[in-house]
Amino acid sequence: MADKKNILYVGLDRETLYLLCAENDFKVAGVGEIESFQVRTFNPANLVFKGVYFFRCQNTFRFFELILLFIWMFVCYFSSSVFKKYSQYLKVISRKKIKVFDLNDPRSIQYIQLSKIDLIVVNAWSILPEKVILAPRFGTVNIHPSKLPQYRGALPTLWSLKNKDRESAVTYILLDKNVDTGKIIRQHVFVLEKDENWFSMEKKITSIIKKTLISDLKRYLDGGLIPSPQDESIKSGTGKYMEYLKIDWENEKFEDIYNKINLYPFLESELYCYFYLGDQRIEMKKAVLSNIVVNMTVGQYVIKGLNVLFQAKDGIIKGKLFVDFSFKNSINLYYKNKK
């Protein structure tokens with residue numbers, strides 16, 4: 001590559017940022033703002049994180065930013081999961097002085113042009129404004145974990161598992177004004193085993209991205225990979241990101257419920273699947289499959305010790321009080337079960 005390319009990264013995936021930062025032919029000139037960091041909190045450790053992030057967003061008061069970053073190294077252990085998860089991310093963008101910006105701000109177009117951004121790389125489910133997508137010299141590349149045009153939309157991994165597919169893919173596409181319809185730069189197909197689950201599939205996807213992303217981006221930027229149109233005759237889609245959070249005990253298979261309960265917070269901290277118990281919304285942070293046989297009807301649950309067993313239409317999902325549920329939700333589950 002003749003000259004170093006200016007990259008703008010948008011996404012929640014930390015590993016993608018680290019890959020881009022480690023490449024000598026790339027300069028990460030900016031990252032998209034992460035809304036999860038804007039959550040209200042009174043935890044002092046969380047506030048230190050938010051302070052560093054605030055000064056990074058402002059790109060001013062460098063001295064105060066560094067002081068807070070130093071304090072963060074000692075208090076991060078006491079922070080909430082969402083901030084703890086992004087501790088290394090915070091250190092990277094601060095130490096490398098990477099600017100944080102809001103892509104929905106009209107001024108972002110001016111920033112992209114003034115900074116001579118060559119390429120935007122996206123690994124997220126958010127939809128960017130069309131003007132932003134088209135602003136860089138080489139456009140915007142999206143990392144999509146499906147065999148496009150199959151499963152356009154969010155969380156295609158869950159649909160691959162739900163439909164018992166025998167293979168999936170990591171696809172790099174050029175974004176256009178529609179959702180996941182852009183030209184394909186490169187597609188890396190991989191086999192899905194019979195016992196595949198959300199975690200094993202995520203490991204395969206991460207491994208492929210680590211092995212292929214940088215080399216494929218460089219080949220595309222050098223003209224060695226020519227994007228090709230998708231075959232519209234075999235297109236398919238997924239469900240809506242926020243709507244699919246709701247658990248349907250009567251109609252969803254227990255393996256599908258297990259996969260989505262665990263995948264959502266893995267990708268986006270503190271975003272949990274839920275169901276309603278009367279008028280109370282119950283959020284489930286984690287789940288395991290259980291082979292315990294319990295005489296229950298679909299949608300019922302029973303508490304054994306701290307374990308909560310839920311009957312789906314074809315199996316049992318297990319969670320733990322005060323661990324996989326908030327304190328308030330745990331109390332509600334316990335007392336409802338006693339009635």
Scan segment 214-243 for residues that are without any contact (Cβ under 8 Å) to a residue 24 or more places away in the chain, charged (D, E, K, R) and either on the phi > 0 side of the Ramachandran plot or touching a His at 6+ places or on another chain (Cβ under 9 Å) (or both) and report the count. 0
Of these, K203, K177, K131, which one is among the charged types (D, E, K, R), out of contact with any Ser or Thr (no Cβ under 8 Å at 6 or more places or on another chain), closer than 17 Å to T16 by Cβ and without any contact (Cβ under 8 Å) to a residue 60 or more places away in the chain? K203
What are the pairs with Cβ atoms under 9 angstrom where one residue, in segment 69-96, is among the aliphatic types (A, V, I, L, M) and the other, located anywhere, is assigned to a helix (DSSP H, G or I) and loosely packed, with under 13 Cβ neighbours inside 10 Å? Sequence gap at least six, or different chains. L69/R95; V75/P44
Meets criteria (within 20 Å of the chain's Cα centre (by Cα) and without any contact (Cβ under 8 Å) to a residue 24 or more places away in the chain) for K211: yes
Just one listed residue, out of K194, K203, is over 22 Å from L134 (Cα atoms), more than 22 Å from the chain's Cα centre (by Cα) and not β-branched (V, I, T), and it is K194
Within segment 240-249, is even one residue more than 30 Å from D180 (Cβ to Cβ) and not in a loop (DSSP other than H, G, I, E, B)? no
For segment 141-174, enumerate the residues that are touching a helix residue (DSSP H, G or I) at 6+ places or on another chain (Cβ under 8 Å) and either of a type in the set (F, W, Y) or farther than 24 Å from S207 by Cβ (or both). Y151, Y172
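Here is a yes/no grid of residues against (1) of a type outside the set (K, R); (2) out of contact with any Asp or Glu (no Cβ under 8 Å at 6 or more places or on another chain); (3) free of Cβ contacts under 8 Å to residues at least 24 places away in the same chain:
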site	(1), (2), (3)
L114	yes, yes, yes
L119	yes, yes, no
V122	yes, yes, no
T140	yes, yes, no
H144	yes, no, no
Y151	yes, yes, no
P156	yes, yes, no
Over segment 290-322, the set of residues crowded, with 16+ Cβ neighbours inside 10 Å and of a type in the set (A, V, I, L, M) is V308, L309, A312, I316, I317, L321
What is the one condition in (1) at negative phi; (2) within 20 Å of the chain's Cα centre (by Cα); (3) buried (at least 20 other Cβ atoms within 10 Å of the Cβ); (4) part of a loop (DSSP other than H, G, I, E, B) that D180 does not satisfy? (1)
Looking at L309, is it in contact with a Phe, Trp or Tyr (Cβ under 7 Å, 6 or more places away or on another chain) and touching a residue at least 24 places away in the same chain (Cβ under 8 Å)? no
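Only the coordinates and a few stated rules stand behind these numbers; no lab work does. Just so you know, these numbers come straight off a predicted model, no measurement behind them. For neighbour counting, all protein chains shown are included, and Cβ atoms are generated from backbone atoms with ideal geometry for every residue, glycine included.
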